[in-house]
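Enquirer: After the structure tokens below, expect a handful of questions from me.
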């Protein structure tokens, strides 16, 4: 395996590659492509909200038959909202984030030549690719893509009579998601097996970097919850195509009574959110893992409370599977269930708070190297706190009654999982770009990218809380039919301007990314003076990662700024420098953290 | 406003291009001490922006918020909300300060040495137990309120009203003198006979039911709502009453509240007056008719193309006025032949 001179054609190296490093790049670039579509869509529907029913030539260009003289149709507004959510949650923040960094880092950080199964890994990517293609094709269906919201609640998603997008567009959505789930499951199984079995000598579970813990636990949550979404989707396909009544009952539409009897949409809601809520953590945990690693490295300090961090990841993972009902307080389910879900939901605040406090303590008395990766990680902590706190309002069933499905919810989840996870993803790209492409990204562009993005993120989502508290429902094509919301229009204009500027500013990142691949400064082996194993591999990628033996691990990954005298901050560094690679043997009498 | 938007777009694109061309001669890749110093300062500048925005929104958007709860049950909701909001507001202000101040304070340079500080059992216990205690209070109050609102079992003398949803309109059915709704099912819908809500007219309870397109509620009486939908999910959202419940095809869902102020009283509420004046200033500038406050029921679950325009007016009146109004409504038996 250590010999990388076996024959590789263009196809096996760049297309049907089984090398985890290449697959991770494929995930990243595909995810970025989908991300551009998702962000563009949000910019279009934000324009409609701010300047309702105004004619824009940009709509004529992008919306084709779904606009009249440059005015967006109500149907396509809902479709844009739906596909924006689907793409961002699944294609960008699940596959693009987890797929990229799990693939890149798991073998490199645990000391393995590759994933347990390179072949399955390749299949996982190509299934993701196919599902992306199907999703993109669904945008061009004549009646429009799926438009029942990303949660695709039936009966709206089941009946083409109810909304045009529930025809062929919805079929393609379901097909795409089924393939996506297969991809995710194959990937997750591979990650779990690899972490459990392929750790190098000395790499105990308690010496794993927190990225590994996060990816490992994320994969487990995925394996537990994604199959439930698959079954929900299958039953929906049955209802749509084969006349079953899992979710449908007593429906009168387009002047006739349909034959469905005995099903319930609430069943779908349960099945959907049994994935849907853990999905939030599938998105967020990898970002938090990446942040833990980056904050520690760039603070030149050990992550504070390593074991507490692992404990809170496990607690969040466990709790995340028993809180789904907080999306359904007013769905008509038994109020007693609402009480139970309020209790479990608010419990999640405890491990989340522990994580936030631990990040801040890690910054305390650090020697912060404010690289773009570090800034995005700090930004994540900020948005995670802001978005997490409003969770205390929404998770409380009594309070949820009046703000459910308003813009308050939109603001909450965008900050806590959308912006936070995207920040984690950007942090990861800036930090591990040298590992992926052997070159560095430009820091000045990185700084511009960060500051514009965080200002715009807060500019969009902070005021959005307030229009939600004013009672404005989400997913309204326009609010002009309600004079009581007239005074919110100006705020919506401001939000849209921030959204457009923030969206366009991502060009800075994309340009930085692609130009750096070809023209970036060549990377050194360990540019951030990091402790973890991936920085012991050569800059140029080789099959099998390490040219010789896989190095042995002797310590945890966070020995930054370790001192000769642990109680004296002015004493010398124990190993002569402020970082100690995991491969460095312990000194005699060295204290182990 | 639109011109401002184009200017912003222009600036954003301009800055992007300017920066992208600079990449060709900028080779910096790793933060130097100067970068750290600069970014540390920017962190403070950003913090100033964040605080300015947070405070601005909290103060100046207050007038846009919903007025005080118009239902008795919603009072505790407002109370719990205020407690929670103060709590998370304080935590938010403290935490954001710490995050961005630390970024500035501990910005790296060559002469600094980070403190090796890996663990503290005491601190971990503190920030596990403190949130746990605070949450125990919030959960306790929240659950008490939830159970209070959702428990409709002891409302013997509540007025029963069915709210009926379809794409894209609301109807309502009062239970009549017997205060019992007749059975309903989509199979009974007969548009030609004006049986649009699918009421079983062979059920004796149906005869005195009254179908209306606008809700009239008496002040001070508990209302027991039953919700139905004939096609897709809808959600009956009555924000002024802190009330919301999904309408689910195939089942009947319930919610209840007691109106506290008549529409007329609410129009004299100071918060409402202030908000209405603000709205009317905007409407006047556009040459639109002035707005007068009304309670509304909105659809708040995505239900199709015209989801954004699915509303029903609610009028709260004194009991005697309500009695007069309801007496004038025709019974179903007289409408559906």
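Enquirer: Once label points are set 7 Å from the Cα along Cα→Cβ at both residue A:517 and residue B:277, what is their separation, rounded to one decimal in nm?
Expert: Those two pseudo-labels are separated by 5.9 nm.
Enquirer: Based on the mean of other Cβ atoms within 10 Å per residue, sort peptides A:108-116, B:167-175 so the most packed one is first.
Expert: Descending mean neighbour count gives A:108-116, B:167-175.
Enquirer: Whole percent per 10 Å bin, from 0 to the bin with the longest distance: what is P(r) over all C-alpha pairs of the stretch A:14-206?
Expert: 10, 32, 27, 17, 10, 3, 0
Enquirer: Which value at 222 nm does the protein assembly as shown reach when only helices count, each DSSP H run of 4 or more adding -39,500 (n - 2.57), with the total divided by all residues and rounded to the nearest 500 deg cm²/dmol?
Expert: -18000 deg cm²/dmol
Enquirer: FRET efficiency for residue A:196 and residue A:254, Cβ-Cβ distance as r, R0 = 56 Å, nearest 0.05?
Expert: 0.55
Enquirer: Take the Cα atoms of the stretch A:26-91, find their three principal axes, and give me the spread along each one in whole Å, biggest first.
Expert: 39, 19, 18
Enquirer: A further question on this structure: On a C-alpha basis, how far is the centre of the stretch B:149-176 from the centre of the stretch A:412-482 in Å? Whole number, if you could?
Expert: Distance between centres, Cα-based: 42 Å.
Enquirer: Which order do the peptides A:34-46, A:173-185 take when ranked by the mean count of other beta-carbon atoms within 10 Å per residue, highest first?
Expert: The peptides rank, most packed first, as A:173-185, A:34-46.
Enquirer: Continuing with this model, one more query. Can you give the average number of partner chain beta-carbon atoms within 10 Å of each beta-carbon in peptide B:47-58, as a whole number?
Expert: For peptide B:47-58, the averaged partner shielding equals 3.
Enquirer: Using only Cα atoms, tell me the angle between helix A:420-437 and the longest principal axis of chain A; keep it within 0 to 90° and round to the nearest 10.
Expert: Helix A:420-437 and the main axis of chain A meet at about 40 degrees.
Enquirer: May I ask you to derive the relative contact order of the stretch A:14-206, considering only C-alpha pairs under 8 Å and at least 6 residues apart, and to give it as an integer percent?
Expert: After rounding, I find 26 percent.
Enquirer: Take every DSSP beta bridge whose two residues both sit in the protein assembly as shown, then give the antiparallel share in percent to the nearest 5.
Expert: Bridges in the protein assembly as shown that DSSP calls antiparallel: roughly 75 percent.
Enquirer: Taking R0 as 56 Å, what FRET efficiency do you get between residue B:144 and residue A:29 from their Cβ-Cβ distance, rounded to the nearest 0.05?
Expert: The computed FRET efficiency comes out at 0.60.
Enquirer: Compute the length gained on full extension between residue A:223 and residue A:242: take 0.36 nm times their separation in residues and subtract their Cα-Cα distance, giving the result in nm to one decimal.
Expert: Taking residue A:223 through residue A:242 to full extension adds about 4.0 nm, to one decimal.
Enquirer: Same structure, new question: Please state, as a whole number in µm²/s, the translational diffusion coefficient that the Stokes-Einstein equation yields for the stretch A:524-593 at 10 °C and 1.306 mPa s, with Rh defined as the Kirkwood radius across alpha carbon pairs.
Expert: So the translational diffusion coefficient is about 119 µm²/s.
Enquirer: FRET efficiency for residue B:213 and residue A:133, Cβ-Cβ distance as r, R0 = 45 Å, nearest 0.05?
Expert: 0.40
Enquirer: How crowded by other chains is A:339-348, given as the mean number of beta carbons from other chains within 10 Å of each beta carbon?
Expert: 3
Enquirer: With each pseudo-label sitting 7 Å past Cα toward Cβ, what's the residue B:321-residue B:125 distance in nm, one decimal?
Expert: Placing both labels 7 Å beyond Cα along the Cβ direction yields 6.2 nm.
Enquirer: Relative to the longest principal Cα axis of chain A, at what angle does helix A:168-197 sit, 0 to 90 degrees, rounded to 10?
Expert: So the helix axis and the longest Cα principal axis differ by about 20 degrees.
Enquirer: Which whole number gives the average, over all residues in B:3-10, of C-beta atoms from other chains lying within 10 Å of the residue C-beta?
Expert: Partner Cβ neighbours, averaged per residue: 3.
Enquirer: Suppose the Debye formula is applied to equal point scatterers at every Cα of the stretch B:219-295; what is log10 I(q)/I(0) at q = 0.17, 0.22, 0.25, 0.26 Å⁻¹?
Expert: -0.80, -0.95, -1.06, -1.11
Enquirer: What is the gain in length, in nm to one decimal, between residue B:78 and residue B:192 on full extension, counting 0.36 nm per residue of separation less the C-alpha to C-alpha distance?
Expert: Result: 36.5 nm gained on full extension.
Enquirer: Modelled label-to-label distance, residue A:336 and residue B:331, 7 Å Cα→beta-carbon offset: nm?
Expert: In this crude spin-label approximation the distance works out to 3.9 nm.
Enquirer: Relative contact order for chain A: what percent, with Cα pairs under 8 Å and sequence separation of 6 or more?
Expert: 16 percent
Enquirer: Restricting to Cα pairs below 8 Å that are 6+ residues apart, what does the relative contact order work out to for the stretch A:141-185? Please round to a whole percent.
Expert: 38 percent
Enquirer: Also, quick follow-up: Once the principal axes of the Cα atoms of chain A are found, what is the range along each, listed largest first in whole angstroms?
Expert: Sorted largest first, the three principal extents are 83, 52, 49 Å.
Enquirer: Taking the Cα centre of each part, how many Å lie between the stretch A:119-182 and the stretch A:370-401?
Expert: Using only Cα atoms to place each centre, the spacing works out to 30 Å.
Enquirer: Calculate the length of the line joining the C-alpha centroid of the stretch A:1-77 to that of the stretch B:49-110, in whole Å.
Expert: After rounding, the separation between the Cα centres reads 35 Å.
Since every read-out is calculated from the coordinates, none of them should be taken as a lab result. Here the structure is a predicted model, which means the values were calculated and not measured. As a convention, Cβ positions derive from the backbone with ideal geometry for all residues, glycine included, and neighbour counts pool all protein chains shown.
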